[in-house]
Amino acid sequence: MAQKKSADAVAHQVSAQVIRDLHERMVRIRLFETEAGKLMEAGKLPGFLHLYVGQEAVAAGVMAALRDDDQITSTHRGHGHAVAKGVGLREMYAELYGRVTGACLGRGGSMHINDLTRGMLGANGIVGAGVPIAVGAAFAARYKGEDSVAVTFFGDGATNIGAFHEGANMAAILGLPVVFVCENNGYAEFTPQSGHMLLTDVADRAAAYGMPSVIVDGMDALAVHRAAADAVERARSGAGPMMIEAKTYRFFDHQGVKGLRHPYRSDEEVAEWKARDPIDLLETRAVADGTATRAELDDVWQRTRDEIAEAIAYAETSPLPDPADLLLNVYSG
Amino acid sequence: MTTTTEAPAVVPNATARKLTYVKAFNEGLAQAMREDENVFVAGEDVAGYGGVFRMFDNLLDEFGPRRMIDTPISEAALVGLGVGAAARGLRPVVDLMFMDFIGVCLDQIVNQAAKMKYMFGGALSVPLTITTASGAGLGAAAQHSQSLEAWLAHVPGLKVVMPCDPYTAKGLTVSAIRDDNPVVVMLNKVLLGSTSEVPEEIYGIPLGQAHTARQGSDVTVIALGRMVGEALAAADELAAEGVEIEVIDPRTVQPLDTETMFASVRRTNRVLVVHEAVTFGGLGAEIAAQIQDAAFDHLDAPVLRIGAPFSPVPFSPVLEKAYVPDRARIAQGCRRLLERS
Ligand SMILES: Cc1ncc(C[n+]2csc(CCOP(=O)(O)OP(=O)(O)O)c2C)c(N)n1
């Protein structure tokens, strides 16, 4: 009896830790993104901004299942992945501002944030392009005898591009440790999924390459995390690639904060998804099962808010790149 | 097609109708679709949304889903669809949104569209139009800002046009659609909202005919795409200094109207070529080589090229501004040419 009880206590402790971890990662993404959106609206940020808000459970759930030396490739909607993988908020904001202290030294902007020290192999402006790159990273890990895995994130729309199909088949045939994570938010830009593929589940595409797949509720961070932990474990053990399809939703527009033109989604649809806000869902569960008190959760928000404010101040006061260094890093050596 | 409507001359007139670059393109496309039932448009978010740059606004309403087709994000299949449909007699307009995306469908453009007529022994033609937005200036960074005309102009079988203003955008688009060859229409992102006088009727601007945008006697500036406006602004600046610049807009970079350039060089004896694309291996090199071949004896100074440094397009506005050639660098280039002789 006593033994069983202590086992339960351990199990409970582990999951409490995971819940807190997922919560913190999601809050960081949410605040990073909403503040970035405000800065964009205020005309302070140049270029494009593809916000991730609403999809936080996917990045948090997957990244909580990874080690620092595991690699990810991301998309044009990459801030959430970067934040969850542990890329510094200062470097990220500085990059959005085009400062020399930014993650790409001001050369890349929102769509190209990367950080090799965190295994973040880059957001990407070309849809689908990150898929084969993750396959290559997984190949390198196995080649070098390391047991790290690679995760590639992509949208439903991206699975219509050749690079996705070629990358999936390549990973499967070479049996590489790659986890394919489809963030199915139902839209490719302004085109609903039904307008760009005849499948209901993107996961069905994995079967074409002999790859197992699983579909999860992309608003439920714990569900994503459980699936990711399994897939990562599987890949790490040498059993080959797997696909996770997370059904999720982006709360803002494809680009920027509010829709520029005629709506392509109904208010009801947006409201329905917002009612299943991934952070609210996790907080409600955490408070209900006693994992965390409201005050503890609020404290995470407050601490993160402070950190974000500090990071923005850092970015705003950072120096601009020097045009004399225009040719920096075009080549190595 | 041979129904060439001559481009109406535009006489500057304050009360004339002005359109933005995007609307002028849109009007030309709509008129070409009315003119020929075989013209259809395919691309990502072109129909329901009207295109991310509003290039295709309202066309779905008029032409319906048979002729306005939203496609998946599948650029290779998109261009291939155009090639196959063109080979069977349709006149597809396929949109690549950002020019940078040609990286994922270059085979269909270079190995298929461009070579099909030749390899079929002339038995068919590929009247395909590819529209796309090129150029830096919006903070869109390295994968959304390139000017890749030199890649395409290098490929026999392709034509490439670079409209510098709304009037030209409409006329070149109409001609591209009427042309029996694959033509890439490189629209410029920074120009999308710019306005100029645009005639209401349908008109084509002949492909392969340069336009002298301003006459002058001291230096010939050959400017591509958006650089035409910068060159004209530089010319204003230099006119105040008593220097008269001639500005030539090739309009079509493949085929390239070199005769108009040679004639100008024989009068001014000095040439500067300016484009947004990187200088190395850019069209400036081709133009300079042709000029020195044909008009060496008329040159008072070596042909000067201005383009971007040999680097991807940077994101940070301070870097991007230093990266893209502008009126100041063009004016400076002209002064340097004049100092040499
Ligand atoms: C090769 C390529 N084609 C088109 C685009 C333009 N584009 C950027 S995002 C996007 C939609 C992507 O949809 P999805 O993969 O579902 O990701 P989501 O935006 O929904 O996160 C498109 C078409 C691009 N960046 N690259």
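The values are calculated or read from the model by the stated rules, or taken from the named source; none is laboratory data. Because the structure is a prediction, the values reported are computed rather than measured. Cβ coordinates were reconstructed from backbone atoms using ideal geometry, including for glycine residues, and neighbour counts include every protein chain displayed.
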For B:PRO127, only one of the following conditions fails: (1) within 16 Å of the ligand (Cβ to nearest atom); (2) more than 14 Å from chain A (Cβ to nearest Cβ); (3) more than 16 Å from the chain's Cα centre (by Cα). What is its number? (1)
Among the candidates B:ALA301, B:ALA235, B:ALA231, B:ALA289, residue that is touching a Lys or Arg at 6+ places or on another chain (Cβ under 7 Å), part of a helix (DSSP H, G or I) and small (Gly, Ala, Ser): B:ALA235
Residue match in segment B:208-221 (condition: closer than 18 Å to B:VAL324 by Cα, buried (at least 20 other Cβ atoms within 10 Å of the Cβ) and not aromatic (Phe, Trp, Tyr)): yes
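Identify the residue in segment B:100-111 that is more than 14 Å from chain A (Cβ to nearest Cβ) and surrounded by fewer than 23 Cβ atoms within 10 Å (Cβ to Cβ) and, among all such residues, is farthest from the ligand (Cβ to nearest atom). Please lay out each step first, then the result.
Here is the first cut: in segment B:100-111, the residues more than 14 Å from chain A (Cβ to nearest Cβ) are B:109-111.
Next, from what is left, pick out any that are surrounded by fewer than 23 Cβ atoms within 10 Å (Cβ to Cβ): B:110-111.
On the way: B:VAL110: 17, B:ASN111: 19 Å.
Checked segment B:100-111; the qualifying residue farthest from the ligand (Cβ to nearest atom) is B:ASN111.
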Those residues of segment A:124-173 which are part of a helix (DSSP H, G or I), small (Gly, Ala, Ser) and more than 14 Å from chain B (Cβ to nearest Cβ) amount to A:ALA134, A:GLY136, A:ALA137, A:ALA138, A:ALA140, A:ALA141, A:ALA168, A:ALA171, A:ALA172
Kindly check whether there is at least one residue in segment B:271-278 that is under 21 Å from the mean Cα position of the chain (by Cα), buried (at least 23 other Cβ atoms within 10 Å of the Cβ) and among the small types (Gly, Ala, Ser). yes
Filter segment B:84-96 for residues that are crowded, with 22+ Cβ neighbours inside 10 Å and over 20 Å from A:MET197 (Cα atoms); which is farthest from the ligand (Cβ to nearest atom)? B:ARG91
Among (1) touching a residue at least 24 places away in the same chain (Cβ under 8 Å); (2) within 14 Å of chain A (Cβ to nearest Cβ) - the single one B:GLY282 does not satisfy: (2)
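Take A:GLY108 and tell me if it is in contact with a Phe, Trp or Tyr (Cβ under 8 Å, 6 or more places away or on another chain) and facing another protein chain (nearest Cβ under 9 Å). Let's see the steps before the verdict.
On the way: in contact with a Phe, Trp or Tyr (Cβ under 8 Å, 6 or more places away or on another chain): yes; facing another protein chain (nearest Cβ under 9 Å): yes.
Against the criterion (in contact with a Phe, Trp or Tyr (Cβ under 8 Å, 6 or more places away or on another chain) and facing another protein chain (nearest Cβ under 9 Å)), A:GLY108 qualifies.
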Please go through segment B:62-85 and give me each residue that is outside any loop (DSSP other than H, G, I, E, B) and either in contact (Cβ under 8 Å) with a residue 40 or more places away in the chain or touching a His at 6+ places or on another chain (Cβ under 6 Å) (or both), ordered by number. B:VAL79, B:GLY82, B:VAL83, B:ALA85
In segment A:134-171, which residue that is away from the ligand (no atom under 16 Å from the Cβ) and polar (S, T, N, Q) is farthest from A:ASN184 (Cα to Cα)? A:SER148
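Could you look through segment A:79-101, keep only residues that are out of contact with any Ser or Thr (no Cβ under 8 Å at 6 or more places or on another chain) and not in a helix (DSSP H, G or I), and pick out the one that is farthest from the other protein chains (Cβ to nearest Cβ)?
Ranking the candidates gives A:GLY86 first.
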Output yes when any residue across segment B:217-229 is without any contact (Cβ under 8 Å) to a residue 40 or more places away in the chain and within 24 Å of the chain's Cα centre (by Cα), and no when none is. no
One residue is enough: does segment B:255-264 have a residue meeting the conditions crowded, with 19+ Cβ neighbours inside 10 Å and over 18 Å from the mean Cα position of the chain (by Cα)? yes
Could you please find all residues in segment B:136-162 being within 15 Å of the chain's Cα centre (by Cα), surrounded by 23 or more Cβ atoms within 10 Å (Cβ to Cβ) and either among the aromatic types (Phe, Trp, Tyr) or within 14 Å of another protein chain (Cβ to nearest Cβ) (or both)? B:ALA136, B:SER145, B:GLN146
Odd one out for B:ALA277, checked against (1) within 14 Å of another protein chain (Cβ to nearest Cβ); (2) in a strand (DSSP E or B); (3) among the small types (Gly, Ala, Ser): (1)
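Find the residue count for segment A:180-194, including only residues that are within 12 Å of another protein chain (Cβ to nearest Cβ) and either away from the ligand (no atom under 15 Å from the Cβ) or under 18 Å from the mean Cα position of the chain (by Cα) (or both).
Pass one, segment A:180-194, residues within 12 Å of another protein chain (Cβ to nearest Cβ): A:187-194.
Retained after the next criterion (residues that are either away from the ligand (no atom under 15 Å from the Cβ) or under 18 Å from the mean Cα position of the chain (by Cα) (or both)): A:187-189.
Selection size over segment A:180-194: 3.
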Does segment A:54-81 hold any residues that are β-branched (Val, Ile, Thr) and more than 12 Å from the ligand (Cβ to nearest atom), and which are they? A:VAL62, A:ILE72, A:THR73
Of those in segment B:292-338 that are touching a strand residue (DSSP E or B) at 6+ places or on another chain (Cβ under 6 Å) and away from every other protein chain (no Cβ under 14 Å), the residue nearest to B:GLU259 (Cα to Cα) is B:VAL303
How many of the residues making up segment A:100-126 are surrounded by fewer than 24 Cβ atoms within 10 Å (Cβ to Cβ) and touching a residue at least 60 places away in the same chain (Cβ under 8 Å)? 3
Every residue in segment A:253-303 that is closer than 28 Å to A:ASP21 by Cβ, within 16 Å of the ligand (Cβ to nearest atom) and at pLDDT below 95, please. none
The one condition in (1) in a helix (DSSP H, G or I); (2) small (Gly, Ala, Ser); (3) crowded, with 22+ Cβ neighbours inside 10 Å; (4) within 16 Å of the ligand (Cβ to nearest atom) that B:GLY51 fails to fulfil: (1)
If a residue has to be touching a Leu at 6+ places or on another chain (Cβ under 8 Å) and of a type outside the set (D, E, K, R) to count, how many in segment B:88-107 make the cut? 7
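A quick yes/no check of all residues on (1) buried (at least 24 other Cβ atoms within 10 Å of the Cβ); (2) within 16 Å of the ligand (Cβ to nearest atom):
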{"residue": "A:GLY128", "(1), (2)": "yes, yes"}
{"residue": "A:PRO132", "(1), (2)": "no, yes"}
{"residue": "A:VAL178", "(1), (2)": "yes, no"}
{"residue": "A:HIS196", "(1), (2)": "no, yes"}
